[in-house]
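The values are calculated or read from the model by the stated rules, or taken from the named source; none is laboratory data. None of the values given here were measured: they were computed from a predicted structure. Positions of Cβ are backbone-derived with ideal geometry, glycine not excepted, and every protein chain shown enters the neighbour counts. Ligands, DNA and RNA are excluded from the accessible area calculation, which covers all protein heavy atoms including side chains. Shrake-Rupley method; radii C 1.70, N 1.55, O 1.52, S 1.80 Å.
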Amino acid sequence: MNTATQNIPFNVEEIRKDFPILKREVNGYPLVYFDNAATSQTPQQVIDVIVDYYSSYNANIHRGVHTLSQEATDAYEQARIKIQKHFNAAKAHEMIFTSGTTHGINLVANGFGALLKEGDEIIVSALEHHSNIVPWQMMCERNGAVLRVIPMNEDGTLMMDVYDTLLSEKTKLVFCNHISNALGTINPIESIIQKAHQAGAAVLIDGAQACPHVKPDVQALDVDFYVASAHKMCGPTGVGVLYGKEKWLKKLPPYQGGGEMIAEVTFEKTTYADLPHKFEAGTPNICGGIAFGAAVDYLNAVGFKAIAAYEHELLAYATEKLLAIDGVKIYGTSSAKTSVISFNIEGVHPYDIGTIVDKLGIAVRTGHHCAQPIMDYYKIPGTVRASFAFYNTREEIDRLVDAVIRAKKMLL
Ligand SMILES: *Cc1c(COP(=O)(O)O)cnc(C)c1O
């Protein structure tokens, strides 16, 4: 037996057969896909659902009395229920379909912004994705609220003692990602949520990077809002979900006007539809929502415990191998992290490493990963980021390590 397949809780070679893209070659080499933190690959089971939708029941939903429209509506609403169960939300109408995490955050920022007044405070973490910083800055400009930031430590964790001092009766909302996309740090969201609630503030957690790796229980977390994107969870692009506690979703004004979100329209006054439709103006990504449900089924069939255990092994293996290369520095060294390695070679620009490893068929991300404040903290232009999924292997990591060694020889 090959050492790479020992002690793993599932058969990675079988799993890889589900992903047609993993069979392709890039620049004459078998593809090694290590850009999972940017988007995940799609299994045949999800592709089949997409093909089936367009081949047999493509129709607009919630409107038609005809058979196709009813089939599409049923499939879409069943996907919502699947996603509700996955996140353990109390009610299906607390799950709002969005176009993705960015949309979900903007929806909450816009709605919450309408409830804030000058001098109210919002806390965000230093580890945020740009999509989690810009909407709050825009909101603060509009209503005079103040943005405060939980600073980070050298190892990529948050300064939780500073968080304690930032919280006050002025704090209305706290935003934090569950897992950092740039460094892989798993943030202590249980404690972040609990402390925010003690101060009387609501919490939005950005789960875009967490949901491929863990199964969040929104009721156990007692979180007010939680957002995710399907395309990082083996689903298609252009669809995601916003979970919101019913009391908040009722309080927040709608984000967009249009069809589907109204109960009654006259030129004098429009009344809004019930949840979730109040936040789902216009024709949604129907096929995407249905495929998102299929992706959640797929991940649950593989199993989140198995995924976490296997990815943890990959992370430990890759960390050890990369650190053995002279001059490699890894950013984000918290003991609580998922399978993301952000690194640089001393004296080499990350972009140059990315270009050379791509020539060898390996997809990694280079740059600031939409998290420029983190790069500013380390005083670097960016990093090379290799992010692993449960369909990656140790052999692929060996290929990355060889490629990095080659790149280093060429560039130094
Ligand atoms: C990818 C990502 C986002 C943005 O997600 P979109 O699907 O592009 O809207 C936000 N936050 C984190 C932590 C991410 O990883």
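For segment 65-85, give me each residue that is surrounded by 20 or more Cβ atoms within 10 Å (Cβ to Cβ) and of a type in the set (V, I, T).
I83
I397 passes all but one of (1) on the phi > 0 side of the Ramachandran plot; (2) open to solvent by less than 10 Å² (accessible area, probe 1.4 Å); which number fails?
Only one criterion in (1) on the phi > 0 side of the Ramachandran plot; (2) open to solvent by less than 10 Å² (accessible area, probe 1.4 Å) is unmet by I397, namely (1).
Search segment 216-231 for residues that are assigned by TED's automatic domain parsing to the domain that holds Q194 and modelled with pLDDT of 95 or more and pair each with any residue that is in a strand (DSSP E or B) and more than 13 Å from the ligand (Cβ to nearest atom) when their beta-carbon atoms are under 6 Å apart and the residues are at least 6 apart or on different chains.
Within 6 Å, the pairs are V218/Y243; V223/V203; D224/A202; D224/V203; F225/G244; Y226/Y243.
Give all pairs with beta carbons closer than 7 Å in which a residue from segment 268-293 that is in a loop (DSSP other than H, G, I, E, B) meets a residue that is modelled with pLDDT of 95 or more and of a type in the set (F, W, Y); count only pairs at least 6 apart in sequence or on separate chains.
Between residues of segment 268-293 that are in a loop (DSSP other than H, G, I, E, B) and residues that are modelled with pLDDT of 95 or more and of a type in the set (F, W, Y), the close pairs are E280/F97; P284/F97.
How many residues does segment 78-105 contain that are β-branched (V, I, T) and more than 9 Å from the ligand (Cβ to nearest atom)?
3
Would you say T237 is in a loop (DSSP other than H, G, I, E, B), open to solvent by 30 Å² or more (accessible area, probe 1.4 Å) and within 16 Å of the ligand (Cβ to nearest atom)?
So T237 fits the description; yes.
Count, please, the residues in segment 199-216 that happen to be more than 10 Å from the ligand (Cβ to nearest atom), farther than 25 Å from L252 by Cα and not basic (K, R).
2
Just to be sure I understand, how many residues within segment 119-175 are within 15 Å of the ligand (Cβ to nearest atom), open to solvent by 30 Å² or more (accessible area, probe 1.4 Å) and touching an Asp or Glu at 6+ places or on another chain (Cβ under 8 Å)?
Residues that pass the stated criteria total 1.
I'd like to check which helices (runs of 4 or more DSSP H) are fully inside segment 340-412 and have at least 3 residues that are in contact with a helix residue (DSSP H, G or I) (Cβ under 7 Å, 6 or more places away or on another chain).
Of the helices (runs of 4 or more DSSP H) lying wholly inside segment 340-412, those with at least 3 residues that are in contact with a helix residue (DSSP H, G or I) (Cβ under 7 Å, 6 or more places away or on another chain) span 350-359, 394-411.
Kindly list, by first and then second residue, each pair from a residue in segment 350-369 that is small (G, A, S) to a residue that is assigned to a helix (DSSP H, G or I), limited to pairs with Cβ atoms under 8 Å and residues at least 6 apart or on different chains.
These pairs meet every condition: G361/R399; G367/P350; G367/Y351.
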